[in-house]
Amino acid sequence: MLLKTFTFNGFSENTYVLTDEATRACVVVDPGCYTVSEQAELKQYIDDNHLAVAAVLLTHAHIDHVLGCAFVLRTWPGTPLLVHDLDRPTLAAVASYAGPYGFGAYQAAEPTGALAAGEPVRFGETELEVRFTPGHAPGHVVFYHAPSGQVVGGDVLFQRSIGRTDLPGGDLKTLLRSIDAELLTLPDETVVYPGHGPSTTIGAERQGNPYLV
């Protein structure tokens, strides 16, 4: 599986395109592209690499992670938009505060399917394990690809930090339990690709993250 990182919008949010190299099918995780130039950057990568967009996957539905959902669905019609059921209200709420946050051109997108722990996501010959990791958002999930030792983690675990828990639906104890049960159980060499900032590894965070010691 090939992973490509983009950093979009004023929140410096990481959007990921995961590609099944055998079939060129791909999924877009947390499309944060908001400006025309950001949207063009994402489209050019997909077009230049002759990829077929199989789905949009959301780790969670805070505004910075969903600004480009409508663009992706409009550009590649029929693309499923998948989010955990517990984060559907989070997604629906974005339209009510996008303007005050400075995103007056935000266009809402309706999910067409659900993500759930134990129900893998498949595209081409690639399979992602869905792990339920609430605490930052009620319906937060992460996507783990065991063969390549990679996890797309949204806003759960960062390099030397963890996701904020002061937003609606956040809870520190829940987040720490999620990290302990769903991320720290992965091999130390697993690479974590977070929703913001640089990648890290499970081992590095197990040993040096001040929130986990």
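The values are calculated or read from the model by the stated rules, or taken from the named source; none is laboratory data. Nothing here was measured: the structure is a model prediction, and the numbers come from that model. When we count neighbours, we look across all protein chains shown, and the Cβ atoms used for this are built from the backbone with ideal geometry, even at glycine. In case anyone asks, the SASA skips ligands and DNA or RNA and just uses the protein heavy atoms, side chains included. Shrake-Rupley method; radii C 1.70, N 1.55, O 1.52, S 1.80 Å.
A few remarks follow.
- Matching helices (runs of 4 or more DSSP H) fully within region 6-120 where at least 1 residues are open to solvent by 60 Å² or more (accessible area, probe 1.4 Å), at pLDDT 95 or above and out of contact with any Asp or Glu (no Cβ under 9 Å at 6 or more places or on another chain): 36-48, 69-75, 88-97
- The set of residues in region 181-213 being open to solvent by 80 Å² or more (accessible area, probe 1.4 Å) and under 18 Å from the mean Cα position of the chain (by Cα) is empty.
- Boolean, Leu175 is of a type in the set (A, V, I, L, M), under 19 Å from His60 (Cα atoms) and assigned to a loop (DSSP other than H, G, I, E, B): no
- Tally of residues being closer than 20 Å to Gly203 by Cβ and open to solvent by 10 Å² or more (accessible area, probe 1.4 Å) across region 126-160: 12
- Residue in region 20-37 that is out of contact with any strand residue (DSSP E or B) (no Cβ under 9 Å at 6 or more places or on another chain) and within 28 Å of Glu125 (Cβ to Cβ) present: no
- Residue that is most open to solvent (accessible area, probe 1.4 Å), among those in region 166-180 that are over 12 Å from Val156 (Cα atoms) and at pLDDT 95 or above: Lys173
- Matching entry among Pro100, Pro80 (being touching a strand residue (DSSP E or B) at 6+ places or on another chain (Cβ under 8 Å) and free of Cβ contacts under 8 Å to residues at least 40 places away in the same chain): Pro80
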